[in-house]
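The values are calculated or read from the model by the stated rules, or taken from the named source; none is laboratory data. Keep in mind that this is a model prediction, so the values were computed, not measured. Quick reminder, even Gly has a Cβ in these numbers, built from the backbone with ideal geometry, and neighbours come from all protein chains shown.
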Amino acid sequence: MRSSGKLKILIADDDISTIKEIIDILSENSDYIILTTGNGSSACEIANIEIPDLIIMDWQMPIMDGIEATLRLQQNDSTKDIPIIISTGIMIDSSHLNKALVAGAVDYLRKPVDALELTARVSNMLRISQAYAQIKQQNIELQSHLTTKLIDIQHLNELKIATIKQLNLLKEQASNTDNQHFTETILNTERLLKSKTYQTDWANFESHFEFIHRGFFNKLKTLFGNFTPNELRLIAFVKLNMTSKEIATIIYTSPDSVDTARKRLKKKLGLDSNESLKSFIQNM
């Protein structure tokens, strides 16, 4: 739901009388803002700017038909989640319906338009669209929370590394003295810092990651076989757009070690040396 409380519906149809008919039916609901256009090309342009909550797209239009426009909208990250209802009075058999759904449409409306059918389909699609938008926003917030947690761990480990360096300097100084207690205190503190006290709770992390990216790990395993826990963590970090240096700090290793692990992972995924591991994982 938009902050204004109104939902945008884009109608793309080259038949002015059809547009007027749909507007007359939908205008009974004051919660709708209606946008119109006469061809698929301009529908894509308007959708990219306005990001409507729903598009009612005529199949046959000049310049660009509704199927081609639907395919183009599906390929655009900004518009791919907008539900599209394909409307037509000619392409009405089951094979046409299948073609529209394969292209990315979520519903089908036959002409001449029936008022009750139009109202029901629009209401249903908007309800689904709003629910999906809420889930998507929740996932964005969860991923942001997860990334923030990892950044906190990164900063904590950076502090730990810096502290250990300082302790090593003190240890060198202490070795030149007879203060055994001082030396033991430094060694105990160093052991504590190197312990797993501040390591990530991986089970909790992976649970949150799989909740956000449902089925992601299962898809990987189906396509490429099993992965070790370390490989899955590396894949998750790359999916979260983290650099080798950031990953190294979190898992308490060197960036070179992470780069080596990334190369092994690329080989396991069947990627060429010139292919991007990040792009591959991000696009899965």
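Tabulated data for the structure shown
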{"read-out": "Residue match in segment 255-271 (condition: buried (at least 18 other Cβ atoms within 10 Å of the Cβ), part of a helix (DSSP H, G or I) and modelled with pLDDT under 80)", "value": "no"}
{"read-out": "Lys165 vs. criteria surrounded by fewer than 13 Cβ atoms within 10 Å (Cβ to Cβ), within 30 Å of Tyr252 (Cβ to Cβ) and either in contact with a Phe, Trp or Tyr (Cβ under 8 Å, 6 or more places away or on another chain) or modelled with pLDDT of 70 or more (or both)", "value": "yes"}
{"read-out": "Top-ranked residue in segment 229-243 [being polar (S, T, N, Q) and within 18 Å of His208 (Cα to Cα); ranked as modelled with the highest pLDDT]", "value": "Asn230"}
{"read-out": "Conditions (1) of a type outside the set (A, V, I, L, M, F, W, C); (2) touching a Ser or Thr at 6+ places or on another chain (Cβ under 9 Å); (3) more than 21 Å from Asn283 (Cα to Cα); number of the one not met by Asp65", "value": "(2)"}
{"read-out": "Any hit, segment 70-89, residues being surrounded by fewer than 12 Cβ atoms within 10 Å (Cβ to Cβ) and either assigned to a helix (DSSP H, G or I) or not assigned by TED's automatic domain parsing to the domain that holds Glu21 (or both)", "value": "no"}
{"read-out": "Near pairs, Cβ below 6 angstrom, 6+ apart or cross-chain, from segment 95-114 (touching a residue at least 40 places away in the same chain (Cβ under 8 Å)) to any residue that is hydrophobic (A, V, I, L, M, F, W, C) and not in a loop (DSSP other than H, G, I, E, B)", "value": "Ala100/Ile86; Ala105/Ile84; Ala105/Ile86; Leu109/Ile85"}
{"read-out": "Filter pass, Asp114 being modelled with pLDDT under 85, on the phi < 0 side of the Ramachandran plot and among the acidic types (Asp, Glu)", "value": "no"}
{"read-out": "Test result for Ile49, among the β-branched types (Val, Ile, Thr) and without any contact (Cβ under 8 Å) to a residue 24 or more places away in the chain", "value": "yes"}
{"read-out": "Number of the exception - Met57 against (1) closer than 13 Å to Gly104 by Cβ; (2) surrounded by fewer than 18 Cβ atoms within 10 Å (Cβ to Cβ); (3) at pLDDT 90 or above", "value": "(2)"}
{"read-out": "Which listed residue is surrounded by 11 or more Cβ atoms within 10 Å (Cβ to Cβ), modelled with pLDDT under 70 and assigned to a helix (DSSP H, G or I), from Leu159, Leu170", "value": "Leu159"}
{"read-out": "Where Glu246 falls short, out of the listed (1) among the acidic types (Asp, Glu); (2) modelled with pLDDT under 70; (3) surrounded by 16 or more Cβ atoms within 10 Å (Cβ to Cβ)", "value": "(2)"}
{"read-out": "Qualifying residue in segment 104-116 (condition: surrounded by 15 or more Cβ atoms within 10 Å (Cβ to Cβ) and touching a Phe, Trp or Tyr at 6+ places or on another chain (Cβ under 8 Å))", "value": "no"}
{"read-out": "Residue in segment 216-224 that is of a type outside the set (Asp, Glu), over 21 Å from the mean Cα position of the chain (by Cα) and modelled with pLDDT under 70 present", "value": "no"}
